[in-house]
Amino acid sequence: MRHLMSPLDFNTKELDELFDLANDIEHNPDKYAHACDGKILATCFYEPSTRTRLSFESAMTRLGGKVIGFSDAASSSASKGESVSDTIRVISCYADICAMRHPKEGAPMVAAEKSLIPVINAGDGGHQHPTQTLTDLLTIRSLKGSLGGYTIGLCGDLKFGRTVHSLIGALVRYSDIRFVFISPEELRVPDYITELLKNKGIPYEEVIRLENVMPQLDLLYMTRVQKERFFNEEDYVRLKDFYILNTDKMALAKKDMLVLHPLPRVNEISVEIDDDPRAAYFRQAQYGVYVRMALILTLLELA
Ligand code: CP
């Protein structure tokens, strides 16, 4: 039995197979409409979500399966003090596969150790968000043609942003990648990531001003400053609108640069950008369904 805790749980060959499957699902949805008949997905979300939970539910429904679950810890027996370990033992009696989001880093790993069914980490605190990374990689591969050879700007909250940490960890396995980290001083990418890049000899630079680096980027990954990760409201208010991507900044970018964002967005991308053909974030959300369909089939060994 296989779980998904980190994007690194799949090697690059396995990722290519997963993305090939996702693209086949995209172009031939009818072929997969009954692939999960009789199977049940449990979505156990101890933290809010729109995209991840609903794209998992859409994915399983489009595969012919059914979905059970909870979207709020307060409506589950966690509110009575039940442990994640006990919850997953019970969920294993009810479902064939489980997607779990939890505010505590490592909680899905604890669940996986006790689980009798595959567990997918759907986001754990500020740590990892592997299915978002699968979504991001599939989007890049589908829209740009490959996963190597890019200068990638990551902008916003690079300290607490789990999507950023997961994505960098996955991209370092591809050739000819260069990172530009764009953040205020307080939200710089953690040291363990810059150490990883140094050890692997992968070039990166850290800057504060987005407009200074726009012309060199092939991909720009925007992120939200996450209110829920701040201990101090004052710091959040000071930093929340530090970056706003608008038409003036987009005018500095390459004609084929893509803007990605895991969403939700708050103010960091002006809505005037949404109609720019380089804005790929809503297409990215659609790829999230295809890749989760492919992941469910792979972990259930139905592919
Ligand atoms: N991208 C993402 O994880 O969105 P949700 O928090 O809405 O699931």
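The values are calculated or read from the model by the stated rules, or taken from the named source; none is laboratory data. What you see is a predicted model; the values in this text were computed from it and never measured. Backbone-built Cβ (ideal geometry, glycine too); neighbour counts: all protein chains shown. For accessibility, only protein heavy atoms count, side chains too; no ligands or nucleic acids. Shrake-Rupley method; radii C 1.70, N 1.55, O 1.52, S 1.80 Å.
Just a few scattered comments:
- Residue list for the range 262-303, filter: closer than 30 Å to residue 118 by Cβ and assigned to a loop (DSSP other than H, G, I, E, B): 262, 263, 264, 280, 300, 301, 302, 303
- Residue match in the range 230-242 (condition: in a loop (DSSP other than H, G, I, E, B), within 24 Å of residue 186 (Cα to Cα) and of a type in the set (Ser, Thr, Tyr)): no
- Among the residues of the range 126-162, those identified as surrounded by fewer than 23 Cβ atoms within 10 Å (Cβ to Cβ), farther than 18 Å from residue 24 by Cα and either in contact with a Gly (Cβ under 8 Å, 6 or more places away or on another chain) or charged (D, E, K, R) (or both) are 126, 127, 159, 160.
- Put simply, of 294, 285, 280 the only residue that is farther than 30 Å from residue 38 by Cα, touching a residue at least 40 places away in the same chain (Cβ under 8 Å) and small (Gly, Ala, Ser) is 280.
- Qualifying residue in the range 218-237 (condition: acidic (Asp, Glu), at pLDDT 90 or above and more than 21 Å from residue 10 (Cα to Cα)): yes
- Set side by side, the residues 300, 295, 245, 260 differ, and just one is within 30 Å of residue 99 (Cα to Cα), buried (at least 19 other Cβ atoms within 10 Å of the Cβ) and away from the ligand (no atom under 15 Å from the Cβ), which is 300.
- Hey, residue 186 modelled with pLDDT under 95, open to solvent by 20 Å² or more (accessible area, probe 1.4 Å) and not in a loop (DSSP other than H, G, I, E, B) or not: yes
- Near pairs, Cβ below 7 angstrom, 6+ apart or cross-chain, from the range 6-22 (within 16 Å of residue 296 (Cβ to Cβ)) to any residue that is open to solvent by 80 Å² or more (accessible area, probe 1.4 Å): 21/303
- Single residue of the range 248-257 satisfying the filter (in a loop (DSSP other than H, G, I, E, B) and either farther than 26 Å from residue 129 by Cβ or within 21 Å of the chain's Cα centre (by Cα) (or both)) that is nearest to the ligand (Cβ to nearest atom): 257
- Checked against (1) free of Cβ contacts under 8 Å to residues at least 40 places away in the same chain; (2) in a loop (DSSP other than H, G, I, E, B); (3) closer than 19 Å to residue 223 by Cα; (4) hydrophobic (A, V, I, L, M, F, W, C), residue 202 passes all but a single condition, namely (3).
- Residues in the range 22-56 that are closer than 21 Å to residue 145 by Cα, part of a helix (DSSP H, G or I) and open to solvent by 30 Å² or more (accessible area, probe 1.4 Å): 23, 24, 26, 27.
- Candidate set from the range 61-100 (those that are farther than 28 Å from residue 34 by Cβ and within 16 Å of the ligand (Cβ to nearest atom)); member that is surrounded by the fewest Cβ atoms within 10 Å (Cβ to Cβ): 72
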